[in-house]
Amino acid sequence: MPTKNKVLYTLLLLSFVLSIIFVQNNYSLYEKPIAKVMKTNIEEVTAVKDANNEDRIHVQNIVAELQNGSDKGKKIYLINEYSDFKALDNKLHAGNDLFVSLHDNHNGKLTGTILDVKRDKYLLMIAWVFIIVLLLIGKKQGLLSIISLIVNAFLLSYALDLYINNSTLSLVWICVFSVILFTIVTLLLVNGFNEKTYAAIIATLLGTFSSLLITYLVLFITGEKGLRYEELQFITRPYKMVFMAGLFIGSLGAVMDVAITMSSTVFGLYDKNNHIPIKALIKSGMEVGRDIMGTMTNILFFAYVSGSIPLLILYFKNGSPFGYTLSLNLSLEIARALAGGIGIVLTIPIGLYTTIFFVNRKRKSL
């Protein structure tokens, strides 16, 4: 194994071990009291919800130990109720960490109320599984993908903070600049500084902005009839602007995927045979574009619609009309999927001819 790889794997292993140790002992960083479950005792109570369903309510008597604050090391006595469905509650086990609120001592015992479960160690484990799989399969490209993901998450967080703290700024314009940064950072980090990347960046931006423009024009012409904004009305900012911004960001990923696919395909053919005719490149590129068009649009549809399945089940279970349920819960999701689909379809010819332009320029420079 090369020395460089040994150093990388050693750093990766060291980071894994240190992060696990840190997340297991970071109680002092939290302001809320945290208690570790030491022992549980279950009592079962049955409650009939309706004529058809019976939901058993379980009551746990818990003894836990406080891990931070002035009462660190003291025992605390808690009560936890959970149902068989476990939609809004949890069955607790010894070793679980809990956020709690403290009550006064009763008969010499410190009691409290369970606020939530401390889940950072579970999230860390999932994150490490993702990182390890990505590195094993992608190697250097996987590492660069992780870096680009972290950078983009930071940029998105900064953009949202900027909007929240400056109500006069337009969220759509903030997303416009964010999309440009996301595209440049992601493609340059993952694919490097080359003609293939430049073609993909231009195609991604043209495809995304074209999709947004067409969607905006369609909504303007139709007066946004058929769109139900009920799920957005709880926010205190213009919900139509928030919808457009989310639509803009949402279509970026699929458009970027199509753009880099078209660019990689054409440049891959050209690199194998730099005398290949332009017509042959265009024909091959269009065949690839037609092959990925259907799958990419379906990916968008399933990704958006999947989040609405619980609400659809809830509405259907309560006898809501089919058309009303779909329009109320899926109108915005379908609009997002259609907007992304428009971006995908437009990006195929845009990406193809943008790449052909760079291929011609590269051929002339030889």
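The values are calculated or read from the model by the stated rules, or taken from the named source; none is laboratory data. These numbers come from a predicted model, not from an experiment. Backbone-built Cβ (ideal geometry, glycine too); neighbour counts: all protein chains shown.
Need pairs with beta-carbon distance below 6 Å; first residue among the charged types (D, E, K, R) and within the range 192-220, second surrounded by fewer than 20 Cβ atoms within 10 Å (Cβ to Cβ) and part of a helix (DSSP H, G or I); sequence gap 6+ or separate chains. Once the first residue is among the charged types (D, E, K, R) and sits in the range 192-220, its partners that are surrounded by fewer than 20 Cβ atoms within 10 Å (Cβ to Cβ) and part of a helix (DSSP H, G or I) give E195/K362.
For M241, the test of being in contact (Cβ under 8 Å) with a residue 60 or more places away in the chain, touching a Leu at 6+ places or on another chain (Cβ under 6 Å) and not charged (D, E, K, R) is passed.
Which of the residues belonging to the range 21-42 are closer than 15 Å to L124 by Cα and in contact with a helix residue (DSSP H, G or I) (Cβ under 7 Å, 6 or more places away or on another chain)? Across the range 21-42, the qualifying residues are V23, Q24. Within the range 172-215, being outside any helix (DSSP H, G or I) and either aromatic (F, W, Y) or at pLDDT 90 or above (or both) holds for one residue alone: F193. With respect to the conditions (1) out of contact with any Gly (no Cβ under 6 Å at 6 or more places or on another chain); (2) more than 29 Å from I350 (Cα to Cα), L135 falls short on a single one, namely (1).
Within the bounds of the range 328-347, is there any residue that is aliphatic (A, V, I, L, M) and over 25 Å from R228 (Cα atoms)? Checked the range 328-347: at least one residue is aliphatic (A, V, I, L, M) and over 25 Å from R228 (Cα atoms).
Residues checked against (1) free of Cβ contacts under 8 Å to residues at least 12 places away in the same chain; (2) under 22 Å from F248 (Cβ atoms); (3) in contact with a Gly (Cβ under 8 Å, 6 or more places away or on another chain); (4) of a type in the set (A, V, I, L, M, F, W, C):
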position	(1), (2), (3), (4)
G268	yes, no, no, no
K272	yes, no, no, no
P277	yes, no, no, no
I282	no, no, no, yes
L311	no, no, no, yes
E333	no, yes, yes, no
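Answer yes or no as to whether P321 is within 25 Å of the chain's Cα centre (by Cα), more than 22 Å from S145 (Cα to Cα) and loosely packed, with under 13 Cβ neighbours inside 10 Å. Answer is no for this residue. Within the range 54-78, being under 17 Å from N41 (Cβ atoms) and touching a residue at least 24 places away in the same chain (Cβ under 8 Å) holds for R56, I57, H58, Q60, I62, V63, A64, E65, K75, I76, Y77, L78. Candidates are the residues of the range 216-237 that are part of a helix (DSSP H, G or I) and under 22 Å from the mean Cα position of the chain (by Cα); the one that is farthest from T186 (Cα to Cα) is E231.
With a requirement of 1 or more residues that are out of contact with any helix residue (DSSP H, G or I) (no Cβ under 7 Å at 6 or more places or on another chain) and within 27 Å of V176 (Cβ to Cβ), the helices (runs of 4 or more DSSP H) lying completely within the range 250-366 that satisfy it span 278-306, 322-365. Against the test of being loosely packed, with under 15 Cβ neighbours inside 10 Å and of a type in the set (S, T, N, Q), the options T295, T197, T204 yield a single qualifying residue, T295. Taking the range 158-171 as the range and being among the polar types (S, T, N, Q) and either modelled with pLDDT of 90 or more or not in a loop (DSSP other than H, G, I, E, B) (or both) as the test, only N165 passes. A search for C-beta distances below 8 Å between a residue of the range 14-27 that is in a helix (DSSP H, G or I) and any residue that is of a type in the set (A, V, I, L, M, F, W, C), counting only pairs 6+ apart in sequence or on different chains, returns F16/W128; S19/L124; S19/W128; I20/L124; V23/L124; Y27/I34.
Screening the candidates L134, L124, L155 for the property of being assigned by TED's automatic domain parsing to the domain that holds F182 and either in a helix (DSSP H, G or I) or surrounded by 13 or more Cβ atoms within 10 Å (Cβ to Cβ) (or both) yields one hit, L155.
Rundown of residues vs (1) acidic (D, E); (2) over 20 Å from T355 (Cβ atoms), yes/no style:
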residue: L135; (1), (2): no, yes
residue: G142; (1), (2): no, yes
residue: L156; (1), (2): no, yes
residue: D161; (1), (2): yes, yes
residue: L181; (1), (2): no, yes
residue: T186; (1), (2): no, no
residue: N194; (1), (2): no, no
residue: L213; (1), (2): no, yes
